[in-house]
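The values are calculated or read from the model by the stated rules, or taken from the named source; none is laboratory data. Remember, it's a predicted structure, so these values are computed and weren't measured experimentally. All Cβ positions, glycine included, derive from the backbone under ideal geometry; neighbour counts span all protein chains shown. To get the accessible areas, we keep the full protein, side chains included, count just its heavy atoms, and leave off ligands, DNA and RNA. Shrake-Rupley method; radii C 1.70, N 1.55, O 1.52, S 1.80 Å.
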Amino acid sequence: MNSGNGGSKPAARSPRFPLPLGKMGGASASSSASSGVGGGVAREVLMPQRHLREAAQDAARQLAPSGLGLDSAKVRQRMVLRLRRDGLHDERVLEALSRVPRHEFVDSALAIQAYEDTSLPIGHEQTISKPSVVGRMIAMLFGGQSASQRGHLGRTLEIGTGCGYQAAVLALLSQSLVSIERLKPLHDKARSNLAPLHLPQVRLIYGDGRLGAPGAAPFDSIVAAAGGDDIPSAWLEQLAPGGRLIAPMAAPGGRGQVLVRVDHLLENGRSRFVRTEHEAVLFVPLKSGVM
Ligand code: SAH
């Protein structure tokens with residue numbers, strides 16, 4: 001039903017965090033440009049600097065049989081610089097994004113696009129979210145009462161494991177992570193994608209995430225990667241006092257989806273749930289049951 005993953009060591013800068021990922025995966029490439037048709041030498045001469053660099057990268061890629069001849073850590077660092085420039089300022093989240101080899105979570109034919117800010121298909125009509133959206137949601141979780149006090153996400157629940165990419169990022173920032181997936185082939189894929197990263201704090205569950213994980217509750221942070229018409233009551237029941245939930249949800253009047261944030265506040269011993277709606281988003285549907 002579920003699986004843990006491997007061993008870890010604490011991060012130097014954030015000793016309370018579970019870990020930095022060790023040496024992982026191969027290398028990657030940053031550009032999806034190809035040199036195209038015709039042109040020969042004359043075309044090369046006319047190429048501006050940037051295109052020359054891309055052509056060199058293409059050549060490097062062809063030399064590396066895996067197609068991933070470049071240094072993936074550097075490419076990820078560039079992705080992080082772009083995310084920071086575009087408004088993601090939480091250094092903890094940026095650091096976690098810089099550690100997880102996104103190209104290892106997608107089909108090898110798509111690996112070349114792994115560090116662009118784009119969603120990518122992961123099979124079974126599902127997609128891996130854009131890095132900026134993953135970063136934004138996790139940064140929002142950090143604003144919750146208990147996460148901001150502790151400096152980490154605490155006990156985290158993810159609904160929609162998919163290929164396991166976001167689970168890896170969350171795991172680096174959480175005390176423990178339970179991630180639920182309703183599609184067995186994706187649950188299995190996430191398990192094998194996560195295995196080399198050795199994240200013992202991760203527990204993967206094959207099941208209907210609408211029910212949460214009552215046996216592992218309560219959670220300080222809950223995040224959903226699929227959007228429904230409502231926030232399932234189980235998620236609110238399993239959100240600890242001081243905890244925060246972030247989920248996409250149908251916007252009123254059938255106008256797409258928005259990110260919804262729910263804070264569980266404890267005031268004079270009484271629970272209060274405060275819900276706010278944020279920017280428009282586009283996530284795959286939250287479905288019931290398993291397949
Ligand atoms: N975070 C994932 C993104 C996966 S896409 C990643 O990094 O890859 C959203 C996932 O939610 C899909 O895999 C879909 O099957 C799953 N999903 C949809 N409804 C669900 C439910 N009720 N319970 C668990 N998973 C669900």
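Quick look at the values:
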read-out	value
Where His152, His124 fall by accessible area, highest first, once all protein chains stay in place (1.4 Å)	His124, His152
Packing-based order for 185-198, 261-274, using average beta carbon neighbours within 10 Å, highest first	185-198, 261-274
Charge dipole of the stretch 73-281 about the Cα centre (unit charges at C-beta), most positive-ward option of Ala190, Val169, Ile180	Val169
Size of electric dipole in the stretch 73-281: Cβ of Lys, Arg +1 and of Asp, Glu -1, about Cα centre, debye, nearest 20	420
Relative contact order (%) - criterion: Cα under 8 Å, at least six apart; region: the stretch 73-281	15
Share of carbon and sulfur in the accessible heavy-atom surface of the stretch 73-281 [1.4 Å probe, %]	50
Dipole in debye (nearest 20) - the stretch 66-176, about Cα centre, beta carbon charges: Lys, Arg +1; Asp, Glu -1	360
The stretch 203-291 shape via C-alpha gyration tensor axes, a/c threshold 1.5	oblate
Heavy-atom accessible area order for Arg85, Arg99, largest first, 1.4 Å probe	Arg85, Arg99
Length-normalised contact order of the stretch 158-291 in % [C-alpha pairs under 8 Å, at least 6 apart]	21
P(r) histogram, all alpha-carbon pairs of the stretch 70-196 included - 5 Å bins from 0, percent	2, 11, 22, 24, 21, 14, 6, 1, 0
Rounded, prolate or oblate (a/c below 1.5 giving rounded, otherwise prolate when a/b exceeds b/c) for the stretch 151-269 by Cα gyration tensor	oblate
Within the stretch 73-281, percent of DSSP bridges classed antiparallel, to nearest 5	50
Approximate spin-label separation Leu266-Ala251, in nm, with each point projected 7 Å along Cα-to-Cβ	3.6
Proximal aspartates and glutamates relative to Lys184, as straight alpha-carbon distance under 15 Å, when same-chain residues fewer than 8 apart are discounted	Glu125, Asp208
Burial order of peptide ranges 248-257, 165-174 (average beta-carbon count within 10 Å, highest first)	165-174, 248-257
Principal axis dimensions, the stretch 73-281 - Cα atoms, whole angstrom, descending	52, 40, 37
